[in-house]
Each structure stands twice: as structure tokens, then as C-alpha cells.
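Heads up, the thing below is written out as C-alpha cells.
The values are calculated or read from the model by the stated rules, or taken from the named source; none is laboratory data. Because the structure is a prediction, the values reported are computed rather than measured. We place every Cβ from the backbone using ideal geometry, glycine too, and count neighbours over all the protein chains shown.
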């Protein structure tokens, strides 16, 4: 007769055997599940400003970069991708855009923008689009999306507007319950507050944000206003200074706390360029994503006449060269430049495409192609606060990668010659789905 002890013994042996079997088989399953790719023979520009690596290898394991360099060995079993003659750079990072739908996010991604800082909810105020989705909801979609389907998204939520310090603190306190990635305010007024925000109000916004562990980003236009928000503790200057050339005091205020500077040239461009048909309306790289209805609306003679007579747009046109000069001066002073465009919100600010055009204007301002690339990769990522995750091609970083058919150090417009895009180690479909609609 079998005793209870015997039965217990047999059960214990069986259990231990099962556990040992799992210990042997589980690691094998994990290894088999690894997705390893090796891009071989490429020119690799890592996004940090280091010289390019020629005939180099980039190894991606699952969603992260495992190795990069000229002496890297291809792991056994890796998918080997011949990248001879190609140039590999990090996925582009926009430190100032505006998003309102998942379809819009996909357009950014197909233009090579793999990470976005959306500085103001397009579902608020006059810029609201039909079918708008809030930044916070889109951020959640991005966080849970499969790799290669949506860019990484960081958001400000609604732009803070207030008339008194008390109101400012109340608005900030309500906003931070949603855990924004930054608190954004417009110093020069917005949505029913046309007059400039006084120092007491924007100081309260910045102080309340800082007290609760959040950074503050500032929309400014003039040098005087930029100095004011910097003295109050602003952490990010979200536009060019456009009324006059920056001075030594501004430079020192920026450098004192390493505040990044975001030029947004294409934002200014959008305020006056549609007074006639812009040349890029014939660019296939633009037309592949452009909404035909929006293109047609911007070519309407009545709209063009409106643009020609718009005093605000004319002011930006007259001061555009000052903005270009200021970028060069700020860059030469060693201030961090973070590429951004203010794209994606009002009509004519083309998501993704304007990020590519922005690089061209940074080069026109006098930055070298390498400086431009750094502004659109590691520097923009650092400005957002995610430089330890994206923006450079180093071991341990998330594998957001652009493969180009030409060298952007020869001509920065070569960033548009995209062969493939990889986000989180997964390939991005370069063509939109048949059911998708641009401009949503």
C-alpha cells in the first residue's frame, strides 16, 4: 500500500523535475525570441557631433542598439542588412510641434520624425481641427503602440493662459494633475488674452511649475520678453528672438542654466509664404503626404491676397533675417540648439515635411550640416529630457534609425533621401495605408 509520504515524495520529484525543465527551456525560448539585425558597411553619424564612422556596423537587438562601430562583429544568427553606400543617422527629434490625431503622428513618422515634443494642445482654441484627439490621449496611444507605428510623444497639454498670478497658479495646478511633460505658456497672449502677459503672471506660472517638479517652456517673440522669462526661470525658449539681434545679457541668461533655444523658422515661413504659390508645392517629397484639399485652399487667390495684406505676416517676413542671424549667434556662443517647427497646428504648417525644411533653414543660418543634425537628434532629445533614451546611436539607446541613400554632411537636404526608417528596432511603413487621410 502506497503511503502518503510516498505519494508526496513522487509529487515533489515531479514538481522539481518540471521546474528544472523550465529553467533549461525558458532561456532558450528568450534567446530564440530575440530579433537581431546588423546593418553592415554603412557610414554612421551617431548624432552627438562625433566624426562619422565609415564602413561601420550597427547592431540592433529587439528595440535597442547593442553595438555600433567599425570593429563590431555581427552576432551569430543576426539578420544581416547590407548598408554599403548608405548613411545611417538617428531618428529625427522635433522639440516643438503640435499634434491632434494618430494619422498626423503617422505622417511625422513617415518623414523620419521618430520623437515629438508637442508644445500645446491643438484641440484647444481656434486652431482646433475636426476629429481632434487631445495630446494626453495621443500620448497614451503612443506609449502602447507597437514599435514602428507611432512616434514617441511627449506633451505640454493646454497652453497656460491667465490674467493674474492667482489664476496662473490655479491653472498650472489643474494642468499638472494630467502629468504633462512640460508646462507651456505664451508670454505675448493667446485665446482672449491679446495683451502681453506681465512678469508677475508668467513668474507665477514658472514658479508653480517648478514647485511641483515640472519645467516651463516659453513662447516669446521679442528680446525683452525673452530676457524677462529667463530671469523668471524659464527652462526652454520655444521660438527665435525675432525683433532684434540678441545681446550678451541674453547669451549669459541662456548659458547660466543651459536653456535650449528652438528656432522654429518654418513657423515664421508659414505666416507669409502663401502670398504666392511656394516652390515646394511641386516637391514630390512634400506631395506624397500633403492633403490636396489643403494645398488647393492655400492657392486660392483670395487667401493669397489675405496673406499679402496681413500685417503680422509681413512683420515676420521683414524680421526673418534677424531670426536667422540670431540662431548663428546663439549657436556660436555654445547654447544648445533644439530643432523644432511649431508644425501641425494651423493650416500650412506641414507636419513632418516642415521638420525636414527646418534643417535646411538652420544650414542657411550658418550652422554646419553636423551642427544641424545634432540639433535635430541628441540636442533636441536632451531639451525634451529624454537624451538618455533617444537621439543618438549608442549602445543601450532605443533603436530609432534613419537609413539614407546620400550623405547629409554633403548636403543637409539629403536627410530627405530616406531608404528606410526604424523605430524601436521595427521597420516603419513608408507608404500610408489606403484608408488613411493626410491632414487629419
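Per-structure values
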{"item": "Selected residue (criterion: farthest from residue 340 (Cα to Cα)) from residues of the range 39-53 that are touching a helix residue (DSSP H, G or I) at 6+ places or on another chain (Cβ under 9 Å) and touching a residue at least 24 places away in the same chain (Cβ under 8 Å)", "result": "52"}
{"item": "Conditions (1) surrounded by fewer than 24 Cβ atoms within 10 Å (Cβ to Cβ); (2) modelled with pLDDT of 95 or more: number failed by residue 351", "result": "(1)"}
{"item": "Helices (runs of 4 or more DSSP H) contained entirely in the range 257-305, each with at least 3 residues that are more than 14 Å from residue 344 (Cα to Cα)", "result": "284-287, 292-298"}
{"item": "For residue 400: the one exception among (1) surrounded by fewer than 24 Cβ atoms within 10 Å (Cβ to Cβ); (2) closer than 12 Å to residue 90 by Cα", "result": "(1)"}
{"item": "Answer residue from the range 381-429, given it is in a helix (DSSP H, G or I) and touching a helix residue (DSSP H, G or I) at 6+ places or on another chain (Cβ under 9 Å) and is nearest to residue 285 (Cα to Cα) among those", "result": "416"}
{"item": "Condition met for residue 279 (over 25 Å from the mean Cα position of the chain (by Cα), closer than 24 Å to residue 111 by Cβ, touching a residue at least 60 places away in the same chain (Cβ under 8 Å) and surrounded by fewer than 20 Cβ atoms within 10 Å (Cβ to Cβ))", "result": "no"}
{"item": "Lone unmet requirement of (1) more than 17 Å from residue 212 (Cα to Cα); (2) out of contact with any strand residue (DSSP E or B) (no Cβ under 6 Å at 6 or more places or on another chain); (3) at pLDDT 95 or above for residue 148", "result": "(2)"}
{"item": "Selected residue (criterion: nearest to the chain's Cα centre (by Cα)) from residues of the range 214-256 that are surrounded by fewer than 16 Cβ atoms within 10 Å (Cβ to Cβ) and not in a loop (DSSP other than H, G, I, E, B)", "result": "255"}
{"item": "Filtered residues of the range 179-193 (kept if modelled with pLDDT of 95 or more and out of contact with any strand residue (DSSP E or B) (no Cβ under 8 Å at 6 or more places or on another chain))", "result": "179"}
{"item": "Strands (runs of 3 or more DSSP E) fully within the range 54-160 counting 2 or more residues that are buried (at least 24 other Cβ atoms within 10 Å of the Cβ) and either touching a residue at least 60 places away in the same chain (Cβ under 8 Å) or over 13 Å from the mean Cα position of the chain (by Cα) (or both)", "result": "87-90, 92-97, 113-118"}
{"item": "Where residue 166 falls short, out of the listed (1) surrounded by fewer than 18 Cβ atoms within 10 Å (Cβ to Cβ); (2) closer than 22 Å to residue 268 by Cα; (3) at pLDDT 95 or above", "result": "(2)"}
{"item": "Yes/no for residue 202 being surrounded by 15 or more Cβ atoms within 10 Å (Cβ to Cβ) and more than 30 Å from residue 296 (Cβ to Cβ)", "result": "yes"}
{"item": "Residues (in a helix (DSSP H, G or I), without any contact (Cβ under 8 Å) to a residue 60 or more places away in the chain and surrounded by 14 or more Cβ atoms within 10 Å (Cβ to Cβ)) located in the range 306-319", "result": "307, 313, 314, 315, 317"}
{"item": "Which listed residue is surrounded by fewer than 24 Cβ atoms within 10 Å (Cβ to Cβ), more than 30 Å from residue 253 (Cβ to Cβ) and in contact with a helix residue (DSSP H, G or I) (Cβ under 8 Å, 6 or more places away or on another chain), from 298, 269, 324", "result": "298"}
